[in-house]
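A short write-up of the structure that comes next.
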Amino acid sequence: MAQAAIAFTGTRFAHDGRHILGPLDLMIPPGETLVLLGKSGSGKTTMLRLINALLIPTGGEVFVLGRSTRDWDPVRLRRSIGYVIQEVGLLPHLSVARNVGLVPALERWSADRIERRVAELLDLVGLPVRDFAARLPHKLSGGQRQRVGVARALAADPPILLCDEPFGAVDPVTRAELQREFRDLAKRLRKTVVFVTHDVREALVLGDRVALIEAGLVSFLGSPNDFRHSDDPAVAAFRTLL
Amino acid sequence: MSFFEFVLQNRGDVWFRTVEHLVLVGISTGAAIAIGVPLGIGISRSARLRAPVLGVANVFQTIPSLALFGFLIPVPFVGGIGARTAIVALVLYALLPIIRNTYAGIVGVDPAVREAARGMGMTDAELLRLVELPLAVPVMLAGIRVATVIGVGIATIAAAIGAGGLGVFIFQGVALVDHAVILAGAVPAALLALMLDGGLHLVERKLDWRAR
Ligand SMILES: Nc1ncnc2c1ncn2[C@@H]1O[C@H](COP(=O)(O)OP(=O)(O)OP(=O)(O)O)[C@@H](O)[C@H]1O
Ligand SMILES: [Mg+2]
């Protein structure tokens, strides 16, 4: 288990007695970008929420950085994981700068240090501090909001990033641009990334590996190249969307 | 004697009763906020407390105000004749809108926002302080505004148990069958209600993050 950043081992999840996920066995090595691809309701978000202990498995374990989520202090665990979610993830009443600096502020960094870090991150995601720092999220475009979401997730330099369809609501051109930048950033910063999408193209662009999730199970796991050539019917069905 | 003549001749008295009225409403609403906001937060955290707290606050609200003042008079410590009893009754009336709106404001926060905040590693206290309360402020203030306006009206009845305020003129006027005297209490009370309503509405707009 020591070499995996994240490991699902015999993980199951049920809600109110209704089986939702698993059993799952899946190892994610440090520095890998794993894309979870699947239809709506297949269990992708549930997998992410099991990783950051928003949910605790009803069977088996999820190990993060070598320790089961049952044994982590959930607050500590979540502060070592960047979490990017669609649109709504930004706190609507806080400026871009305060959103990005939120986890550092929770971690009680000094104001100076937070300010420097925020400037550095906004720069990293291509938003000039001068124009954006003081703005509220609802005064940003969809693409800009998503950049802020990525910047915020990176703020405390967590080793792991969880992304839940972060580039959902933007036009195809901006989306492609965000994907490219995100891939370069994740590689450069050597983050372990679990990235949820139902867009096949996005999965193949971003993933070191792609996991196809169907009804709470991993039905295919392999590199984008394997994905292109697999004769698994479910994979083939997704491929027709390319 | 006309209303205007009466007010002019007794302007010192009218002014004194208005201030007295404002003090009654101010103290009682302040106390109701100090009690109601924590209770509203409490019932947003504990489903078990919700029904009893809202139920009790609701019952106070349904007791006719004159009866509530009357009931309180014989109660030890809080009762008796005078302003203290009136303030207790006014607090009981103000509680419901404040508790209910605090609760509604907090549970009305977008679940996705709450999920994001938790996912970033906020503790429950941080979630409340940094996310839920700031987002609930407009709704909470609307409740405080309603409580204040209701308080101005009900406080006129406080004169019946010797608590002073603008109700003094109203009861006098009723006893003397003199409209001018009734109006000397009713008109300032109405103006007071309008001014507080408008003022609090401004504060509400000022503190609303959506307006920034
Ligand atoms: N809070 C919940 N309570 C009960 N069932 C839930 C809850 N959240 C999700 N589910 C169920 O769990 C299953 C998996 O949901 P999940 O959100 O993980 O899907 P998803 O793959 O992320 O879908 P989408 O692409 O639409 O976001 C679904 O059947 C859903 O109905
Ligand atoms: Mg989902």
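The values are calculated or read from the model by the stated rules, or taken from the named source; none is laboratory data. Values in this document were obtained by computation on a predicted structure and should not be read as measured data. Neighbour counts are summed over all protein chains in view; Cβ atoms, including those assigned to glycine, are modelled from backbone coordinates with ideal geometry. Ligands, DNA and RNA are excluded from the accessible area calculation, which covers all protein heavy atoms including side chains. Shrake-Rupley method; radii C 1.70, N 1.55, O 1.52, S 1.80 Å.
Results, tabulated for the structure shown:
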quantity	calculated
Flag if residue B:200 is surrounded by fewer than 21 Cβ atoms within 10 Å (Cβ to Cβ), away from chain A (no Cβ under 14 Å), within 30 Å of residue A:90 (Cα to Cα) and not β-branched (Val, Ile, Thr)	yes
Output for the range B:14-36, where each listed residue is over 16 Å from the mean Cα position of the chain (by Cα) and touching a residue at least 24 places away in the same chain (Cβ under 8 Å)	B:14, B:17, B:18
Condition check for residue A:203: open to solvent by less than 10 Å² (accessible area, probe 1.4 Å) and at negative phi	yes
Qualifying positions in the range B:115-137 - of a type outside the set (A, V, I, L, M, F, W, C), surrounded by fewer than 18 Cβ atoms within 10 Å (Cβ to Cβ) and more than 7 Å from chain A (Cβ to nearest Cβ)	B:124, B:129
The range A:160-171 residues that are more than 19 Å from residue A:185 (Cα to Cα), paired with ones that are of a type in the set (A, V, I, L, M) and more than 14 Å from ligand 2 (Cβ to nearest atom) (beta carbon under 8 Å, 6 or more apart)	A:170/A:178
Test result for residue B:72, under 12 Å from the mean Cα position of the chain (by Cα) and closer than 14 Å to residue B:160 by Cβ	no
Residue match in the range A:150-164 (condition: within 23 Å of residue A:99 (Cβ to Cβ) and open to solvent by 40 Å² or more (accessible area, probe 1.4 Å))	yes
Which numbered condition residue A:104 misses (of (1) outside any loop (DSSP other than H, G, I, E, B); (2) within 14 Å of chain B (Cβ to nearest Cβ); (3) farther than 23 Å from residue A:31 by Cα)	(3)
Residue count, the range A:12-63 (criterion: within 13 Å of ligand 2 (Cβ to nearest atom) and of a type in the set (A, V, I, L, M, F, W, C))	9
Any chance residue A:222 is open to solvent by less than 10 Å² (accessible area, probe 1.4 Å), more than 23 Å from residue B:120 (Cβ to Cβ) and more than 16 Å from ligand 2 (Cβ to nearest atom)	yes
Lone qualifier among A:95, A:68 - being over 14 Å from residue A:192 (Cβ atoms), away from ligand 1 (no atom under 16 Å from the Cβ) and free of Cβ contacts under 8 Å to residues at least 12 places away in the same chain	A:68
Whichever residue in the range A:2-51 is more than 16 Å from ligand 1 (Cβ to nearest atom), surrounded by fewer than 24 Cβ atoms within 10 Å (Cβ to Cβ) and of a type in the set (Val, Ile, Thr) and, among such residues, is nearest to residue A:216 (Cα to Cα)	A:9
Residue satisfying all of: in the range A:136-155; assigned to a helix (DSSP H, G or I) and more than 12 Å from residue A:125 (Cα to Cα); modelled with the lowest pLDDT among these	A:142
Filter result for the condition that a residue is open to solvent by 70 Å² or more (accessible area, probe 1.4 Å) and either closer than 30 Å to residue B:123 by Cα or modelled with pLDDT of 85 or more (or both), over B:59, B:75, B:53	B:59
